[in-house]
Amino acid sequence: MSYENKLAILNKIKEYTRIFLFRHIRMDGDCTGATKGLQELLKASFPEKEIYLLDNQTSDYLAFLGKDSGEADDSFYEGGLAIVLDTATPDRISSQKYTLCREVIKIDHHINVSPYGDLLWVEEEASSCCEMIVSFYDTFKDTLTLNEKAALYLYTGMVTDSGRFRFRSVSGETLRLAGILLNCGIDTDTLYAHLYLNDFDVLKFRAEVYRKMKITENGVAYIHVTAKMQEKYNLSREDASAVVSALDSIKGSLIWIAFIDNGDGTTRVRLRSRFVTINSLAERYHGGGHAMASGATVYSRKEMNALISEADKLLGEFKQTNEGWL
Ligand code: AMP
């Protein structure tokens with residue numbers, strides 16, 4: 001199935017001269033790496049084609065990969081091919097201009113709740129969308145050219161979306177494909193410095209998070225990052241949102257949640273878990289996502305408390321009916 005999908009996509013790419021790449025809102029390492037990586041791969045492989053990545057989002061921690069920008073007049077997209085990467089649902093595509101293209105391809109590794117596009121290649125078990133792009137390259141390596149720049153983009157997506165190759169979705173195939181990228185000569189020292197170094201204020205903020213975090217009876221750890229806290233530590237929304245990872249290693253806490261005030265009365269919810277499936281819980285709160293990494297939105301304190309209670313109940317039931325969790 002996957003080979004047929006890849007071949008159909010390669011044929012579409014060959015057919016078009018103007019190709020537009022799209023990614024999701026709240027850009028992360030994977031959608032950024034996959035779009036920039038595919039752009040570089042296609043530019044190097046088909047120099048005669050026009051490959052555009054018109055996206056005006058910015059992200060501090062990904063700034064080292066270089067900025068993308070721009071938006072063209074509607075007519076410019078007409079007759080083009082849109083390839084949307086790493087985006088489960090059409091409403092999360094960062095520019096709706098993709099609808100102006102003649103054909104749309106979806107390449108994604110999220111649960112396919114909202115199939116869209118004329119051609120779909122979805123692999124829910126892939127650890128990242130970048131992994132899929134490397135596999136695409138590997139399948140057609142006689143036709144495609146991978147350079148060091150593309151390899152860095154794709155590797156960044158692979159390491160960030162797999163928790164540094166730690167998540168269960170990482171397979172032997174993931175590591176084999178990552179090996180292809182490493183063999184291109186990526187400077188991993190510099191890459192990891194970009195990914196790991198923190199501002200002083202961010203670490204002070206983390207200290208406050210550890211003081212203020214709470215845990216429910218059954219072990220759901222959570223933190224509410226208020227607008228006031230974000231102001232006190234001079235945090236970007238991105239820095240504030242990254243806090244969810246601070247709660248990821250508490251023994252017996254199999255679900256952990258960060259609530260981050262958006263500043264408009266709504267609160268972003270980032271849910272993470274080990275062993276327990278949480279995406280249906282996120283779906284009940286205007287969200288969704290992966291089995292063990294989901295996102296949602298709550299609109300009041302009451303809704304926040306309801307979500308925490310539901311998570312606690314879910315974890316209680318899980319602990320009673322399962323063994324071997326930590
Ligand atoms: P986040 O905590 O925002 O990084 O989200 C974790 C995962 O859940 C991501 O892979 C998103 O694709 C997905 N996700 C986040 N928010 C939503 C949403 N509102 N609806 C559907 N999926 C979401």
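Which of 153, 174, 20 sits closest to the plus end of the dipole of segment 2-195, meaning its Cα is farthest towards the positive end, when Lys and Arg get +1 and Asp and Glu get -1 on the C-beta? Of the candidates, 174 comes out farthest on the positive side. For segment 71-77, the Karplus equation 6.51 cos²θ - 1.76 cosθ + 1.60, evaluated at θ = phi - 60°, returns couplings of 7, 9, 4, 3, 5, 5, 7 Hz by residue, with Gly and Pro reported as x. For the chain, the dipole from Cβ point charges (+1 on Lys and Arg, -1 on Asp and Glu) about the Cα centre works out to 940 debye, to the nearest 20. Secondary structure note: in segment 200-321, about 75% of the DSSP beta bridges are antiparallel. For segment 162-312, what log10 I(q)/I(0) values come out of the Debye formula at q = 0.10, 0.14 1/Å, with one point per alpha carbon and no solvent? With one equal scatterer per Cα and no solvent, log10 I(q)/I(0) is -0.41, -0.76. Phi-derived couplings, Karplus 6.51 cos²θ - 1.76 cosθ + 1.60 at θ = phi - 60°, listed residue by residue for segment 182-198: 4, 5, 7, x, 5, 8, 6, 4, 5, 4, 5, 4, 4, 7, 9, 5, 10 Hz, with x used for Gly and Pro. Between residue 275 and residue 232, the modelled labels are 3.4 nm apart [label points 7 Å from Cα along Cα→Cβ].
Using only the Cα atoms of the chain, what semi-axes does the equivalent ellipsoid have when each is the square root of 5 times a gyration tensor eigenvalue? Give whole Å, largest first.
On the way: eigenvalues 243, 87, 82 Å².
Each semi-axis is the square root of five times an eigenvalue, giving 35, 21, 20 Å.
Segment residue 48..residue 245, full-extension length gain: 66.6 nm, with 0.36 nm per residue of separation and the alpha-carbon distance subtracted. When the chain is treated as a Gaussian network with alpha carbon springs shorter than 10 Å, the biggest mean-square fluctuation among 12, 204, 67 belongs to 204. Per-residue ellipticity at 222 nm, computed for the chain from helices alone with -39500 (n - 2.57) per DSSP H run of at least four residues, works out to -12000 deg cm²/dmol. For the pair residue 139 and residue 125, the difference between a 0.36 nm per residue extended length and the Cα-Cα distance amounts to 3.2 nm.
Assuming R0 = 41 Å, can you tell me the calculated FRET efficiency for the pair residue 262 and residue 102, based on Cβ-Cβ distance, to the nearest 0.05?
Numbers: r = 36 Å, r/R0 = 0.88.
The computed FRET efficiency comes out at 0.70.
Counting only DSSP beta bridges with both residues in the chain, tell me the antiparallel percent, nearest 5.
Numbers: 18 of 40 bridges.
Just about 45 percent of them are antiparallel.
Normalising the average separation of contacting C-alpha pairs (under 8 angstrom, six or more residues apart) by the number of residues puts the relative contact order of the chain at 13 percent.
No value in this document is a laboratory result; all are computed from the given coordinates. All of these numbers come straight from a predicted model, not from anything done at the bench. Virtual Cβ from ideal backbone geometry, glycine too; neighbours counted across all protein chains shown.
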